[in-house]
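Novice: Below: one structure in structure tokens.
The values are calculated or read from the model by the stated rules, or taken from the named source; none is laboratory data. Quick caveat: nothing in here was measured; it's all calculated off a predicted structure. Please note: Cβ atoms are built from the backbone with ideal geometry, for glycine as well, and neighbour counts cover all protein chains shown. The area values use the complete protein model at the heavy-atom level, side chains included, leaving out ligands, DNA and RNA. Shrake-Rupley method; radii C 1.70, N 1.55, O 1.52, S 1.80 Å.
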Amino acid sequence: MCQLVTASAYLGSSDTAHALLEAFCLAMAMHPDKQKKAPEELNAVIGPHRLPDFSDRDALPYTRAILKEEMRWHIIAPIRFIHLTMDDDKYNGYFLPARTILNTNIWLVQLREGYPDRESFRLERLLEDGPPSDPADYVFGFGPRLCPGRHFSIASSFITFTSVLRIFDIQPPPTSIWDPNQHGKEAIRTSSKPYLAKLIGLRPALGCNLKMSRQFPNELFDAIISCVPTGHTGWLWPKERETLLNCTLVCRDWLPVSRHTLFSYVHLKRPTAWDSFLRSVVNAEEGRPWLASILRLQVEDGWYSHYEGDKKIPAKPVSEWRGQYVIPVLAGHLPNLELLSLSVDWDRCQPHATTFGMFSQFTSLRELRLDSCRFPSFCTFRRILVSLPALKTLRCSAVHWPSAPQPSILAIPSGHLALQSLGISLLCDSFHDLSLQCGPVDFHPITLPHRTLDYYVQIFAPSVQVAAFGNIQSMHDIANTISDLSRFGNLRSLDFAVNGTDWGDAADLLQSLPARLDTLIIFVDYGRELVDRDMMVKEDGEVKAMKTNGLELLEPVLLRDNFKALHHLEFKPWGYRDTLEPLEESIIQTIWRKLPKLHSRTTLNIRLAPVYINRSPPPSRRPSPSPAVEIISGGFIP
Ligand code: HEM
């Protein structure tokens, strides 16, 4: 129903509004003497500093007359839609049997309504003579199928036409392409005429001192525009880009702040994007000042193959990689950069010898995201981290270096690295398949032994307050991978993945944590591997429950003193929709039954946020069967 209503409104309004505006421009170009008086009236009524609004309507009789006469002079739909008589009828001595097709000619109605000289555009007939009838009474049709968009159309054309008359002087194009008589006749059709665009010129007398909506100071518009891209992620979405670009078109005054906001996030996805960025911003005098506006920069080299939806995007050949230039070219030129997100294979793209040292010139960088990056050695990775003076957050996903470092180089001089947030997830680009793989499919084999990841994590541990370890090479080997959290003395929030049967390892891991956590998020894998290993109780082929769980092992650990301040405990069960959905309730019951003491803690919020491995969105939430466990909408992985 909603779709049909919207479609009718769209179909009914798009062509008509367009045709009406065209005809209006035509009438104004043909009658400059009539046009001239409208801005005078507008200026007298609304003053020099704003555009008209609906409250001005009654005070603008001349401008309203233009609108009405225009609708009459150029009837947009002179022949209504065809109709059918339902019963036998009579009209003017004619007999009309039922189911006769009728077509009314609105243009001829004017004959009956007694409009003298009806082909002329004469405002006098409305202003002085007193009209025989209001054109709005018949140009929209009549009877039960009368145009439902008439009020909308009258209102929107009033605002459009008065705003145009306020700002623009509509002039005819050069006489070589303009024959008012011929075009006047053509205007009877509702066709699009490109030449009409040429009629419009800025009204010189008003244009220079008229600013859009002067009621508000420009600073307010600046503030509004700079809010456009602040989604929770802070990245610009395509729609927001469009909005900002439109802002620059609407008002010249808004150009600087819109550009500044557009440049706040630069995403270079392809070699061509990098090349044009280089040409029109970095190496262009007029573009260079915008480098200071860049707060977030994301560069993807395309060196690895990946999926966009179902489509596999193959890796680009080395000759097309640009990532090796990013740091040498931009170091020292992005004074306000806060977030740098890179996907570069420095192991193969032959970066300049000084590249890694140059990271120190990004003095404002607070967050570094490395997604699918390959370093020539762990040393280079370590060198980058140490040289970034303001770095607070590090996120690594599928970061590689060819061999495990010697323990001697692991020590980082104290004070050089003060990370507060650390996210590490090392797994394959085949995530979208959601099969659990112990190694990446399209990557070169990772030579990093599981055990050594633990070493690396320990390097960053002391200052970190927020840590997320997800998808670590082998889900069920988490304890072998990150075996010990004893160096995380400042941790406040921990997020890690566990296999649905490995609660013992998870409990051991938490046991080693000295910090006082306030947030604990556990990503529980009920993925294919678990199903394959037959850990589910099935009836008639349908999954009904989990065979073993071990969740109760968490309770004694979480009752320890250093978890007393815990106020948020979230379980994120992760699995195929067909198995996870029926399991949801049994997961809640398991949490309810196996963690009774935790439930009695009123200060603790226990939540379940399922993540479905499916190509359809998550179902609408049912109320939780247990009052102690709040179910929140989880996500789904397409
Ligand atoms: C200058 C602007 C417009 C003119 C001159 C106009 C004119 C008309 C006319 C003559 C009809 C046929 C009425 C009949 O057969 O009795 C009609 C029908 C219709 N118009 Fe408009 N229209 C305009 C704008 C709009 C707008 C803005 C909308 C929607 C928002 C709209 C939606 C419709 C619809 C849905 C119908 C079909 C009604 C039905 O069959 O029941 N029109 N219009």
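Novice: To the nearest 0.05, how large is the calculated FRET efficiency for ASN92 and LEU255 if R₀ is 60 Å and r is the Cβ-Cβ distance?
Specialist: Working: r = 62 Å, r/R0 = 1.03.
For ASN92 and LEU255, the calculated efficiency is 0.45.
Novice: Oh, and also: Between LYS597 and LYS269, 0.36 nm times their residue separation minus their Cα-Cα distance comes to what? Spell out each step's value before the answer.
Specialist: Values: separation 328, 0.36 × 328 = 118.08 nm, distance 5.03 nm.
Computed gain between LYS597 and LYS269 is 113.0 nm.
Novice: Another question, if that's okay. With all protein chains present, calculate the accessible area of GLU338 using a 1.4 Å probe and round the result to the nearest 10 Å².
Specialist: 80 Å²
Novice: Which of the residue pairs LYS269/LYS316; LYS269/LYS312; LYS316/LYS392; LYS392/LYS572; LYS312/LYS572 have a Cα-Cα distance greater than 22 Å in the structure shown? Could the numbers behind the result be given before it?
Specialist: Details: LYS269/LYS316 12 Å; LYS269/LYS312 16 Å; LYS316/LYS392 32 Å; LYS392/LYS572 26 Å; LYS312/LYS572 28 Å.
Over 22 Å apart, Cα to Cα: LYS316/LYS392; LYS392/LYS572; LYS312/LYS572.
Novice: Binning every alpha carbon pair distance of segment 251-403 at 5 Å from zero, what are the percents per bin?
Specialist: Answer for segment 251-403: a P(r) of 2, 9, 17, 23, 20, 15, 9, 4, 2, 0, 0, 0 percent.
Novice: For a Förster distance of 45 Å, can you work out the FRET efficiency between the beta-carbons of GLN171 and ASN336, rounded to the nearest 0.05?
Specialist: Details: r = 46 Å, r/R0 = 1.02.
Result of the calculation: an efficiency of 0.45.
Novice: Could you work out how far apart the two model spin labels at ASP137 and THR354 are, taking each label as a point 7 Å from the Cα in the direction of the beta carbon, and quote it in nm?
Specialist: Spacing of the two 7 Å Cα→Cβ label points: 8.4 nm.
Novice: Sticking with this one: Between GLU124 and GLN589, 0.36 nm times their residue separation minus their Cα-Cα distance comes to what?
Specialist: Details: separation 465, 0.36 × 465 = 167.40 nm, distance 8.12 nm.
This chain segment gains 159.3 nm when fully extended.
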